[in-house]
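Rule-based calculations on the coordinates, nothing more; no lab input. Quick caveat, the model's predicted, so the values are computed rather than measured. No Cβ is skipped: glycine too gets one built from the backbone with ideal geometry, and neighbour counts run over all protein chains shown.
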Amino acid sequence: MNIFDTIPIAIRALAANKMRSMLTMLGIVIGVGAVIALMAAGQGAQKGITDQIRGLGSNLLFIRPGKPEDNPTNSPVGGTVLTLVLADAEAINNPDRYPYIESVASQVFFDATLTAGGESLTASSVTGVTPDYQYTRNHYVESGRFINEDDITRKGLVAVVGANVAEQLFGDVDPIGRTVRLTVGAFRVYFSFSFLVVGVMERKGATATGDEDDLMLIPLPTMQARIPYIRNPKGQSNVHQITIKVTDPDKFGQAKEELSALLRERHGVAKDDFTIRSQEDLVSTVNAVSQTLTVLLGSIAGISLIVGGIGIMNIMLVSVTERTREIGIRKALGARRVDILWQFIVEALVVTMLGGLIGVGGGVLAAKLANGQHLFGRDLYTAVTPFSIIVAFTVSAAIGLFFGIYPAFRASRLNPIEALRHE
């Protein structure tokens with residue numbers, strides 16, 4: 001008897017106890033489904049964050065204040081020590097010296113309360129920018145105009161708002177030409193200014209630095225002139241980030257080296273008091289963290305597979321005990337130990353592989369249903385990959401083989417005479 005002859009026998013044995021077989025494979029179904037669903041959640045989160053980083057624009061370098069070891073990747077304002085000033089960005093924006101730089105945009109971030117027409121938004125994100133911002137970040141106005149050089153020169157009280165801010169403050173009313181009052185302060189010292197809305201940005205959605213539709217953009221010199229918190233003791237205007245658009249990603253290495261030398265010279269330091277990262281650096285960091293998270297989630301879900309395997313072994317041992325007389329008859333009729341061994345191993349494999357197939361279908365369905373759902377205040381994205389399906393199914397089959405060996409070996413070792421006496 002070869003291994004293929006044992007498959008129909010195994011299927012008939014399982015069909016004879018349908019309820020027990022279903023309960024046996026339930027642990028495998030849940031385990032495989034959980035592995036696929038959780039790995040899909042981890043991979044979806046990785047893809048979502050990667051898309052957000054790439055959504056910032058293309059071929060970008062980000063310079064942030066603070067030493068690299070003190071500058072977390074996910075911080076929008078860099079380190080706690082502000083070491084960058086507007087003059088640094090002006091020195092970088094030198095096409096003759098750095099021909100590979102297309103544009104340079106300085107930004108300052110802070111939270112403020114926005115009020116208009118009886119509506120108010122607290123802790124809103126306000127960013128001081130220059131005219132190059134929309135080109136550098138590939139984010140343009142949809143209606144009205146963007147901040148221009150005249151606004152920069154005269155430190156104009158004008159603002160461009162994101163689509164969500166326009167909707168929440170003005171509803172269906174066109175915000176162009178209307179006024180938004182901005183209030184910012186700390187330690188019981190507050191500053192309040194009225195800004196004329198001159199433009200509304202196109203919808204862009206969430207990026208790695210936040211939701212671009214929730215921003216209010218104002219001229220950077222206006223912010224620096226009216227809010228003293230962003231000036232250092234020397235009276236220089238701090239910036240939280242300098243974003244640089246490079247002509248070619250192949251120039252990232254050269255740009256980092258030359259701009260680092262420039263900033264060290266300007267700051268009079270031997271070691272970097274700033275951090276330069278590219279989009280690819282951010283993507284690599286996020287991918288490494290996300291992959292670790294995905295493996296952790298898959299491992300946690302894999303525990304249920306082991307529990308399911310233990311359940312299979314227990315049921316198979318019960319099956320061996322119940323079918324002892326059958327085993328004795330088969331041995332008396334000439335069945336070899338290897339035939340009995342394969343019979344029970346195949347039964348375990350059939351249970352786990354069938355359970356694995358059902359679990360794959362359930363896991364993929366769960367991942368598809370969860371994709372795009374709004375949970376815990378944020379959108380959930382999932383991504384099912386062939387790799388996760390292959391891993392989950394292969395592991396389920398391996399568990400069936402591993403936990404089926406001992407019961408099968410025990411069945412094959414039964415003495416045929418003792419087995420025939422068994423009642």
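Size of the dipole of segment 291-403 about the Cα centre, Lys and Arg at +1 and Asp and Glu at -1 on the beta carbon, nothing else charged, in debye to 20? Please report the intermediate quantities before stating the final value.
On the way: 8 positive and 5 negative charges, 58 e Å.
Dipole size: approximately 280 debye.
Which number do you get for Rg(Cα) / (2.2 N^0.38 Å) in the chain?
1.48
In Å, what Kirkwood hydrodynamic radius results for segment 281-423 from the alpha-carbon pair distances? Numbers along the way, then the final one.
Details: mean 1/r = 0.0560 Å⁻¹.
Its Kirkwood hydrodynamic radius stands at 17.9 Å.
Hey, what's the Cα Rg ratio for segment 332-412 versus the globular rule of thumb, 2.2 N^0.38 Å?
So segment 332-412 has a normalised radius of gyration of 1.61.
Quick one: helix 386-412 against the long Cα principal axis of the chain, what's the angle to the nearest 10°, folded into 0 to 90?
20
Find the percent of Cα-Cα distances in segment 82-272 that exceed 26 Å, and round it to a whole number.
35
Please list 142-155, 344-357 highest first by mean number of surrounding beta-carbon atoms within 10 Å per residue.
Ranking, from highest mean packing down: 344-357, 142-155.
Mind checking Rg over Rh on segment 269-322, alpha carbons, Kirkwood formula for Rh?
Numbers: Rg = 23.6 Å, Rh = 15.4 Å.
A ratio of 1.53.
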